[in-house]
Amino acid sequence: MPTRNRRRAVVVFVALALAAAGVVILARRHGGSPRRPVVVPATPTPSQARPATPTVAASSTPSPTPIRTPSASPRRTVAPTVAASTPAPAPASTVVGGITLVDSPYGFKVPQGWRFLPLATTTGTAQAAHWTDPSSAARIDYLVDSTSAIYSPDHVVNLGAIEVNLPCPTLPPSSFTYVSGRGPRYTCGQTGGLDINGMVLLLPYPQGFRLLQIQLPPSDDAVAAFIITAFH
């Protein structure tokens, strides 16, 4: 081998040996093993910086079934209230001259216990009701008449037409007196020992009138006067 080539080989060998020695020295300085490259993590975003939610192991106990709330409240059923039947109140009573008087359906009082025939039609415009004493001829007669015959052409009440048509046994009546705001009050004398007293309540045109006539013994004139005065 030429001398020049031999020297070149020696130089390369020496260089390789020096390189190997340097690696060994570096390895010893750093713990004997080659240093691993350091990886710098990227800066986490705020959302990534939150601590991870811990994982909870599933419980072996089954979860209770959730309570379902209905969308609309159920309608409550209320039992219907049945009104108790209330008996009709007893007629108000008043004692006059020893006779007990009770209310009638027509705006005046009558003796308690008398027989009663309710209002019934007698003619095309009139209706009548009657009360009679079971033990005597005493009686009460009530008449409602919607006739327009009691009015003059100007619709003013014609008292003369009423007087000559009163239900007295004989006419004209014994007395005939107009009571302001009500109508004529009259008497028909006696029949069968009974006094006959009456009252006519005048109604505005064309309603007609209401008439009440009472037959009682003269000893009961105060009773007749009380009934007639309260007639409305």
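In the range 77-98 there is at least one residue matching the filter, namely being loosely packed, with under 13 Cβ neighbours inside 10 Å, at pLDDT 95 or above and in a strand (DSSP E or B). Kindly evaluate A224 against the criterion of being farther than 18 Å from D133 by Cα, of a type in the set (G, A, S) and under 50 Å from the mean Cα position of the chain (by Cα). The answer is no for A224.
Limited to the range 194-224, what total is found for residues that are touching a residue at least 12 places away in the same chain (Cβ under 8 Å) and part of a loop (DSSP other than H, G, I, E, B)? Matching residues across the range 194-224 total 5.
Kindly establish whether T229 is part of a strand (DSSP E or B) and either surrounded by fewer than 19 Cβ atoms within 10 Å (Cβ to Cβ) or at negative phi (or both). Break it down stepwise before answering.
Numbers: part of a strand (DSSP E or B): no; either surrounded by fewer than 19 Cβ atoms within 10 Å (Cβ to Cβ) or at negative phi (or both): yes.
So T229 fails the test.
With respect to the conditions (1) within 18 Å of S135 (Cα to Cα); (2) in contact with a Cys (Cβ under 6 Å, 6 or more places away or on another chain), C188 falls short on a single one, namely (1).
The values are calculated or read from the model by the stated rules, or taken from the named source; none is laboratory data. Here the structure is a predicted model, which is why all the values come from computation and not from measurement. Don't worry about glycine lacking a Cβ; one is built from the backbone with ideal geometry, like all the others, and counts go over all protein chains shown.
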